[in-house]
2 protein chains.
Amino acid sequence: MSLEHFPQSPENSRKKAKQLVLSLQDEICNNLENIDKEGIFQEESWDRPEGGGGRSRVMREGRVFEQAGVNFSEVHGEELPPSILNQRPEAKGHSWFATGTSMVLHPRNPYIPTVHLNYRYFEAGPVWWFGGGADLTPYYPYLSDTRHFHKEHQKACDSINPQLHKVFKPWCDEYFFLKHRNESRGVGGIFFDYQDGSGKLYKGQNPQGPAANISNKLGKHQMTWDELFNLAKSCGKAFLPSYLPIIEKRQNQSYGNPQREFQLYRRGRYVEFNLVWDRGTIFGLQTNGRTESILMSLPPLARWEYGYTAENGSREELLTDVFTKPQDWFSDRTLEEKCRPLNALD
Amino acid sequence: MSLEHFPQSPENSRKKAKQLVLSLQDEICNNLENIDKEGIFQEESWDRPEGGGGRSRVMREGRVFEQAGVNFSEVHGEELPPSILNQRPEAKGHSWFATGTSMVLHPRNPYIPTVHLNYRYFEAGPVWWFGGGADLTPYYPYLSDTRHFHKEHQKACDSINPQLHKVFKPWCDEYFFLKHRNESRGVGGIFFDYQDGSGKLYKGQNPQGPAANISNKLGKHQMTWDELFNLAKSCGKAFLPSYLPIIEKRQNQSYGNPQREFQLYRRGRYVEFNLVWDRGTIFGLQTNGRTESILMSLPPLARWEYGYTAENGSREELLTDVFTKPQDWFSDRTLEEKCRPLNALD
């Protein structure tokens, strides 16, 4: 990509991006404490020896949340690691800056899904980009909850450009996939990376994959820094209205030991994805990141069971047959037929 | 390495190697059932679509063993994957054969260590090699147990060549290491790979690492196929006498919830090692291996806790300060001083 056609970032870009993710962290933590009513976030600030630092917040043993972790970090360094330079060769030879917030919530009640959010901003010399998204991982899924989560994120994307959601939704399905299980991590949401306004593919990106569509979808329309900033802001702010209503609706649904056991078993899949496939986690662990903050995403308790298979026609089978496969949640009407007999519609 | 100087394998090499690992699986399972007294191994045979198959055995909810998995497999194919060909370029263009047994035991009592064993044999055209080892991962360690485990494996190595153990012991420390935690997985044991009798380094092996020592230690003495076969046999047979006495000694030691919680927390480290660092696990998962058999190594239950640190001067601190660092278990006398005050000697 020629740098001449590379959209400019504003002068106060770093400050604006940092303020955005910091305020997201604050707003999310405040609202999670409010809904939990018992759990309180413990905060820990840390410095990164190579430059920058962060602010980790963890709630443990809350009423709703068995564990909730919300990180903020702002880090910088001399040169980006090879894994990122491969995909963004224009950044080579430049010092870099990155700021972001990431969150994983592990509710206690198996009827409330686990959820993940991450929004981040990078700068390295003349190049910059936004990345992030949010995805939902139910244990005992409801079609209405899934649709609600997606609808809120679609609205957020649409508010910037109505072409974006049809790229970011399948991109999420592609990224949060456990190849060794042939399963999605959950019902997805949205995901995007290396968004610099050019709409071009980044090096190494699958030219047949969903991300490749963005240039087609956007046509000649380059997105400006401000539009992408507003995209991250709009999606970040969509999280609370996408998730809190699910808590409200499910928090009093009673469950027994079998549901708890299944939740712990499925949490094992969350561990498998994060440690085997998640580029961010692996990159962090292999390059001297802050281990405790990186692994805040892991569940407080998880279970493995050799050869487990769900009973025919069970609610558990519905999860693996329908809700851990990429789906067209809004318009596929067969989903309703599959969910209705198991009371998994609403 | 010139193939002219490559030691020959006998005509019945595949059959002999297969018989060895099959009989190891049998002998180990029989003895584990005997000592457990309640748990029974469930066996499952499986075919590999690309060639070969295996026999997986799992005991769940035994008296001693919360979970015990012992696998056998014999697989073959057209060409080895790039990750192995990089280290053994002579195998390129040849069909291959591999057979092995692998085992992970997760006892219920936190005073009994988790243990892992794996012995394997590869052939690809003119090249062949043995690999494997065994390592111990205590939760509440005893110096005497650690020394006993190492002593039995040292004797097994010495029976083939007294130069081997001083290479295979540090090789194990190097391999079973969690860089992101700066911790060993446990107290180690022995480990070796790509042993073809030449004593040469394989491609990509750290020339400053422990494996590099083997050619120095063995001097001009090449090991024959039979010697390496006997090495695998001798080490494999050392497992039961190295481990069963630890069970006998610890199985009636009572423990409470804090010990159980600490065991579950440390099992999280086992998951982290296997999913982030273990080449065999990652390779298997990323190349369409039999997921359930590969992940039989994961514990039935594991726990993560943000920011956990052991109490000053506690038994738990002894584990991370002393027993998850590479040590000279036999001759370092300061170990005894560190263990005595915490009743961790014997």
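Assorted remarks:
- Filtered by the rule that a residue be under 24 Å from residue A:231 (Cβ atoms) and aliphatic (A, V, I, L, M), region A:17-74 gives A:17, A:20, A:21, A:22, A:24, A:28, A:32, A:70.
- Some residue of region B:67-86 being more than 17 Å from the chain's Cα centre (by Cα) and either closer than 25 Å to residue B:40 by Cβ or within 14 Å of chain A (Cβ to nearest Cβ) (or both): yes
- Per-region count, region A:242-290, residues at pLDDT 95 or above, of a type in the set (Phe, Trp, Tyr) and closer than 23 Å to residue B:278 by Cβ: 3
- Count - residues of region B:170-191 that are touching a Phe, Trp or Tyr at 6+ places or on another chain (Cβ under 9 Å) and of a type in the set (S, T, N, Q): 1
- Taken over region A:276-291, residues that are within 16 Å of residue A:80 (Cα to Cα), among the β-branched types (Val, Ile, Thr) and within 8 Å of another protein chain (Cβ to nearest Cβ) amount to 1.
- Test: residue in region B:230-240 that is away from chain A (no Cβ under 13 Å), in contact with a His (Cβ under 7 Å, 6 or more places away or on another chain) and assigned to a helix (DSSP H, G or I): yes
- Contact map, region A:22-48: residues that are on the phi < 0 side of the Ramachandran plot paired with residues that are among the hydroxyl-bearing types (Ser, Thr, Tyr), Cβ distance under 7 Å, separation 6+ or inter-chain. Pairs shown: A:24/A:101; A:24/A:119; A:25/A:101; A:44/A:56; A:46/A:56.
- All conditions in (1) within 14 Å of chain B (Cβ to nearest Cβ); (2) touching a Ser or Thr at 6+ places or on another chain (Cβ under 8 Å); (3) surrounded by 16 or more Cβ atoms within 10 Å (Cβ to Cβ) hold for residue A:298, with the sole exception of (2).
- Within region A:269-294, if we keep just the residues that are surrounded by fewer than 22 Cβ atoms within 10 Å (Cβ to Cβ) and among the small types (Gly, Ala, Ser), the residue that is nearest to the chain's Cα centre (by Cα) turns out to be A:280.
- Total residues in region A:40-66, condition away from chain B (no Cβ under 12 Å) and assigned to a loop (DSSP other than H, G, I, E, B): 8
- Cβ-Cβ distances below 8 Å connect the following pairs, each with a first residue in region B:176-197 that is within 14 Å of another protein chain (Cβ to nearest Cβ) and part of a strand (DSSP E or B), a second residue that is surrounded by 22 or more Cβ atoms within 10 Å (Cβ to Cβ) and among the hydroxyl-bearing types (Ser, Thr, Tyr), and a separation of six or more residues or different chains: B:177/B:184; B:178/B:184; B:183/B:324.
- Of the set (1) without any contact (Cβ under 8 Å) to a residue 24 or more places away in the chain; (2) under 30 Å from residue B:303 (Cα atoms), all apply to residue A:212 but (2).
- Residue check for residue B:167: in contact with a Ser or Thr (Cβ under 9 Å, 6 or more places away or on another chain) and either touching a residue at least 40 places away in the same chain (Cβ under 8 Å) or under 24 Å from residue B:115 (Cα atoms) (or both): no
- Near pairs, Cβ below 7 angstrom, 6+ apart or cross-chain, from region B:260-275 (more than 11 Å from every other protein chain (Cβ to nearest Cβ)) to any residue that is of a type in the set (Gly, Ala, Ser): none
- Within region A:306-332, residues that are within 14 Å of another protein chain (Cβ to nearest Cβ) sit with their Cβ atoms under 7 Å from residues that are among the hydrophobic types (A, V, I, L, M, F, W, C), at 6+ positions apart or across chains, in these pairs: A:306/B:58; A:306/B:296; A:320/A:310.
- Filter pass, residue B:104 being hydrophobic (A, V, I, L, M, F, W, C), in a strand (DSSP E or B) and crowded, with 18+ Cβ neighbours inside 10 Å: yes
- Residue check for residue A:74: part of a loop (DSSP other than H, G, I, E, B), touching a Ser or Thr at 6+ places or on another chain (Cβ under 9 Å), more than 21 Å from residue A:324 (Cα to Cα) and not polar (S, T, N, Q): no
- Among (1) out of contact with any Gly (no Cβ under 7 Å at 6 or more places or on another chain); (2) β-branched (Val, Ile, Thr); (3) more than 27 Å from residue A:140 (Cα to Cα), the one test that residue A:75 misses: (1)
- Flag for residue B:32 being closer than 27 Å to residue B:247 by Cα, surrounded by fewer than 18 Cβ atoms within 10 Å (Cβ to Cβ) and not basic (Lys, Arg): no
The values are calculated or read from the model by the stated rules, or taken from the named source; none is laboratory data. No experiment lies behind these values; they were computed from the predicted model shown. When we count neighbours, we look across all protein chains shown, and the Cβ atoms used for this are built from the backbone with ideal geometry, even at glycine.
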